[in-house]
1. How much length is gained on full extension from GLU238 to GLU370, taking 0.36 nm per residue of separation minus their Cα-Cα distance?
2. Could you work out what % of the accessible surface of the chain is carbon and sulfur, using a 1.4 angstrom probe and leaving DNA, RNA and ligands out of the count?
3. Test of understanding: what is the full-extension gain from VAL293 to GLU48, defined as 0.36 nm times their sequence separation minus their Cα-Cα distance?
4. For the chain, just list the percent of Cα-Cα distances falling in each 20 Å bin from zero outward, please.
5. With a 1.4 Å probe and all protein chains in place, put GLU141, GLU148 in order of accessible area, largest first.
6. In whole Hz, with x marking every Gly and Pro, tabulate ³J(HN,Hα) for region 135-143 from phi via Karplus 6.51 cos²θ - 1.76 cosθ + 1.60, θ = phi - 60°.
7. Most mobile of LEU383, LEU71, LEU96 per a Gaussian network model of the chain (Cα springs, under 10 Å)?
8. For region 365-381 and region 266-293, write down the distance between their C-alpha centroids in whole Å.
Amino acid sequence: MSQNRTSPLALGTQEPEYHLWEPIDPDVAGVFRGISADDLAYRDRAREFVQQEVRPVIAGIWDRAEYPLDLAKRLGDLDLLRDGVDVPGFPEQSLLAASLTTMELSRGDGSIATIVGVQGGLALRSIAECGSEEQRQRWLEPMSRGLELGAFALTEPTHGSDSVSLETRAEAIEDGYVITGHKKWIGSGSVGRIAVVWARGDDGQVQGFIVPQDAPGYNATTIEGKMSLRAIWQAHIELDGVRVPMSAKLPGARSFKDTARVLQATRLGVAWGALGQATAVYETAVHYAGQRVQFGRPLAASQIVQSRLAAMLSQLTGLQTLLMALTRAEERGELSGPGASLGKYTATRTARDMVANARDLLGGNGILLENRAGRHFADIEALHTYEGTETVQALIIGRDITGVSAFA
């Protein structure tokens, strides 16, 4: 055999390693200029966490459908779990700082950002806004530090979008309450320390309760077979006569309006999460177009690829501009419920389109987890649905436009 025979590797058949995670920070409209140093510090800390700690492991964790408890604890160590909730002993985190944190974590992975949404945005916020002083002293600090995980148990198997009609009951007894019912899609509901359970009391009003997840009768099963947000566990919970003391009731949760107040506060955060995922796939598409060579030139030299990247940048710029304006309105106390719904509606629709475009632009490589786009392609489907589906958001907006409710 000749020793001069050309190696197959010399024929260009070995695929290069693509580098697709480097932040680009597109800001054509300048909406991120002039942000305070304190707010930028949260963004930068979240970005470093993603680049140094999430990036090396997330594809495997997502693929194996593991809950990264170590990363959840690190989020607490870095003060990235609070979602803007004011907790004594912690520095102030503005709404914009929380939003930028959500954006950066989502840029890394949708599940990691959802851990914060559940822990800080829902469970922690419920206790902070509706809890007693004793409850706040007991739970706010350890939950903020990631020492104790909490869940927000509202959605039921038969009441998703129609959550106002929930049927879980909390019957008052001499020394507390007995809670009976079922919950579904409850993030951290099978792996946490407590769950904030929403149930209908004897007066027919929706009330909130802090329920230990190890309480007798609290039976949680992790939902398997998910195609989206695989690095956070959601649970199907059976509450089979769970007894809790009087002190478990959230005194500030007296009707569904209090529940809705917590949900509205997180709706804008979901929109920022969509922006984070849209940013991720834009930068992935730009990097890939510059590194992938076909027909003797990089994809970036193709007119159609440039056109598609321009369209993505246009969409991204529109989202940045809208969400910054809505966030500033919320900081002034001027953002309405329909305004928050418009943010979520627009952001997830736009991100969904951008993710599909990026996944397609990467061709076959777009379905590989290591190349980011496929993971975001799957995860944005959950973001598009939870905390109010596109249809529900549209009906909230439509009611505000017309003055007529289309809800049953």
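The values are calculated or read from the model by the stated rules, or taken from the named source; none is laboratory data. Since this is a predicted model, take the numbers as computed values, not measurements. Cβ: placed from backbone, ideal geometry, glycine included. Neighbour counts: every protein chain shown. These area figures cover heavy atoms from the full protein model, side chains too; ligands, DNA and RNA do not enter into them. Shrake-Rupley method; radii C 1.70, N 1.55, O 1.52, S 1.80 Å.
1. That pair, GLU238 and GLU370, stretches by 43.9 nm at full extension.
2. Carbon and sulfur: 51 percent of the exposed surface of the chain.
3. 85.2 nm is the gain from fully extending VAL293 to GLU48.
4. Using 20 Å bins, I get a P(r) of 27, 54, 16, 3, 0 for the chain.
5. Highest to lowest solvent-accessible surface, that is GLU141, GLU148.
6. 5, 5, 5, 6, 10, 4, 5, x, 6
7. Among LEU383, LEU71, LEU96, the largest GNM mean-square fluctuation belongs to LEU71.
8. 11
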